[in-house]
Amino acid sequence: MNYEEVIFAVGLVIVTSLLAYRGSNKFRARSARPMSAAVRALFDWAGVFALFFAANLALGAVVILLLRGITQRFYALYGLQNLLLLILSAGQAFVFQMWWRDD
């Protein structure tokens, strides 16, 4: 992915976020949380996601290395280069964060 694609994607996200923020201000419930709480929750989730993703990668590497030592077959660490592992780690972090919250 080159930097033009990154800039384009970030620009799209910024524009749609601003449109959603402006549009939802009119219809937003008065009991809704402030935007700062939402941003704080995003950073909390990002931290939990990073921990789960690192833990999943580390456990996967240990399992692959153990399989290499136990069996005659070669298992590549490239198996951990998987988009599904990234997505599942993100979901895992989201569920954990929702469960951990006390409000």
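Assorted remarks:
- Boolean, SER24 is modelled with pLDDT under 85, in a helix (DSSP H, G or I) and either of a type outside the set (A, V, I, L, M, F, W, C) or surrounded by 12 or more Cβ atoms within 10 Å (Cβ to Cβ) (or both): yes
- Count of the stretch 75-102 residues which are without any contact (Cβ under 8 Å) to a residue 40 or more places away in the chain, among the small types (Gly, Ala, Ser) and either surrounded by 13 or more Cβ atoms within 10 Å (Cβ to Cβ) or over 29 Å from ALA37 (Cα atoms) (or both): 2
So that you can scan it fast, the table gives a plain yes or no per residue for (1) of a type in the set (Gly, Ala, Ser); (2) over 18 Å from the mean Cα position of the chain (by Cα); (3) not in a helix (DSSP H, G or I):
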site	(1), (2), (3)
ASN56	no, no, no
ILE64	no, yes, no
ARG73	no, yes, yes
GLY79	yes, yes, no
GLY91	yes, no, no
PHE94	no, no, no
MET98	no, no, no
ASP102	no, yes, yes
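- Taken over the stretch 39-74, the criterion of being surrounded by fewer than 12 Cβ atoms within 10 Å (Cβ to Cβ) and either basic (Lys, Arg) or not assigned by TED's automatic domain parsing to the domain that holds VAL95 (or both) is satisfied by ARG73 alone.
- Any hit, the stretch 61-69, residues being charged (D, E, K, R) and within 22 Å of ASN82 (Cβ to Cβ): yes
- Selection status of PHE94, among the aromatic types (Phe, Trp, Tyr), under 25 Å from TYR21 (Cα atoms) and at pLDDT below 95: yes
The values are calculated or read from the model by the stated rules, or taken from the named source; none is laboratory data. Quick caveat: nothing in here was measured; it's all calculated off a predicted structure. Please note: Cβ atoms are built from the backbone with ideal geometry, for glycine as well, and neighbour counts cover all protein chains shown.
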